[in-house]
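First comes the structure, then the notes that go with it.
The values are calculated or read from the model by the stated rules, or taken from the named source; none is laboratory data. Keep in mind that what you see is a predicted model, and the values were worked out from it rather than measured. Cβ sites come from the backbone with ideal geometry, for glycine too, and all protein chains shown count toward neighbours.
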Amino acid sequence: MADQPFWKTKSLAQMNRAEWESLCDGCGRCCLHKIEDMDTGKLYFTSVVCHLFDDQRCRCTRYSERSTLVPDCLVLSMDNLDQINFLPDTCAYRLLNEGQDLPDWHPLVSGSPDSVHRAGISVRGRVISEEYVHPDDLVNYFESLNQDDD
């Protein structure tokens, strides 16, 4: 019988740093600016992304320094995972935390870092840097990735 992959045999809390980091599928959705409807509390994604985001690789260009360079950048951990309300329903951290498995297009399953892009899950080629958008204009950049949180 073949060995099971680590995400099927370990809880998120049992994963080492490399395993935890490898769960990121590179979709880039967590780097999008969000707008909260103050009346309903619903979050809306925009197509505006952090200035540190490389929109071709769908990765942060200064990952190890991101929380210093962008003080409100979220550093996801087991300690705050349950409090984060904006992870997309396709996010591996969210899926595994909810007891679900990784989808077939996830790079750990497919073996290809491009599978997330081919599946249309990533924001590659669909974002604009915050450097070019005034904060008051964010409402003009609602993204088609918005989810209904019923």
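Kindly evaluate Leu32 against the criterion of being in contact with a Ser or Thr (Cβ under 7 Å, 6 or more places away or on another chain), hydrophobic (A, V, I, L, M, F, W, C), surrounded by 13 or more Cβ atoms within 10 Å (Cβ to Cβ) and at pLDDT 95 or above.
Numbers: in contact with a Ser or Thr (Cβ under 7 Å, 6 or more places away or on another chain): yes; hydrophobic (A, V, I, L, M, F, W, C): yes; surrounded by 13 or more Cβ atoms within 10 Å (Cβ to Cβ): yes; at pLDDT 95 or above: no.
No, not satisfied.
Going through Met38, Met78 one at a time, which residue ends up being aliphatic (A, V, I, L, M), modelled with pLDDT under 95, outside any strand (DSSP E or B) and in contact with a helix residue (DSSP H, G or I) (Cβ under 9 Å, 6 or more places away or on another chain)?
After applying the criteria, what remains is Met78.
Can you tell me which of Asp39, Asp3 is exposed (fewer than 10 other Cβ atoms within 10 Å of the Cβ) and more than 26 Å from Gly111 (Cα to Cα)?
Numbers: Asp3 fails: more than 26 Å from Gly111 (Cα to Cα).
Of the residues listed, the single one that is exposed (fewer than 10 other Cβ atoms within 10 Å of the Cβ) and more than 26 Å from Gly111 (Cα to Cα) is Asp39.
Test of understanding: among Leu138, Leu108, Leu87, which residue is closer than 12 Å to Asp25 by Cβ and either in a loop (DSSP other than H, G, I, E, B) or modelled with pLDDT under 95 (or both)? It would help to see each step written out before you state the result.
On the way: Leu138 fails: closer than 12 Å to Asp25 by Cβ; Leu108 fails: either in a loop (DSSP other than H, G, I, E, B) or modelled with pLDDT under 95 (or both).
Selected residue: Leu87, the only one of Leu138, Leu108, Leu87 that is closer than 12 Å to Asp25 by Cβ and either in a loop (DSSP other than H, G, I, E, B) or modelled with pLDDT under 95 (or both).
Any residue in segment 21-38 that's over 11 Å from Leu87 (Cα atoms): show its pairings with residues that are assigned to a helix (DSSP H, G or I) and polar (S, T, N, Q) at Cβ separation under 9 Å, as long as the two are six or more apart or on different chains.
Asp25/Ser115
Please go through segment 110-122 and pick out each residue that is touching a residue at least 40 places away in the same chain (Cβ under 8 Å) and crowded, with 16+ Cβ neighbours inside 10 Å. So that I can check it myself, show each step before the final result.
If we filter segment 110-122 for residues that are touching a residue at least 40 places away in the same chain (Cβ under 8 Å), which is where we start, we get 113, 116-117, 121-122.
Selection gives Val116, His117, Ile121, Ser122.
Restricting attention to segment 111-135, which residues are in a helix (DSSP H, G or I) and at pLDDT 95 or above? I'd like the intermediate steps shown before the answer.
Let us first name the residues in segment 111-135 that are in a helix (DSSP H, G or I), namely 115-118, 130-132, 135.
Of everything in segment 111-135, those that are in a helix (DSSP H, G or I) and at pLDDT 95 or above turn out to be Ser115, Val116, His117, Arg118, Glu130, Glu131, Tyr132.
Looking only at segment 45-65, decide whether some residue is modelled with pLDDT under 90 and on the phi > 0 side of the Ramachandran plot.
No: zero hits.
Looking only at segment 61-94, which residues are touching a residue at least 60 places away in the same chain (Cβ under 8 Å) and of a type in the set (Phe, Trp, Tyr)?
If the condition is that a residue be touching a residue at least 60 places away in the same chain (Cβ under 8 Å) and of a type in the set (Phe, Trp, Tyr), then Tyr93 is the only one that fits.
How about segment 47-75: which of its residues are touching a helix residue (DSSP H, G or I) at 6+ places or on another chain (Cβ under 8 Å), crowded, with 16+ Cβ neighbours inside 10 Å and closer than 20 Å to Val116 by Cβ?
Matches in segment 47-75: Ser47, Val49, Cys50, Leu52, Phe53, Cys58, Cys60.
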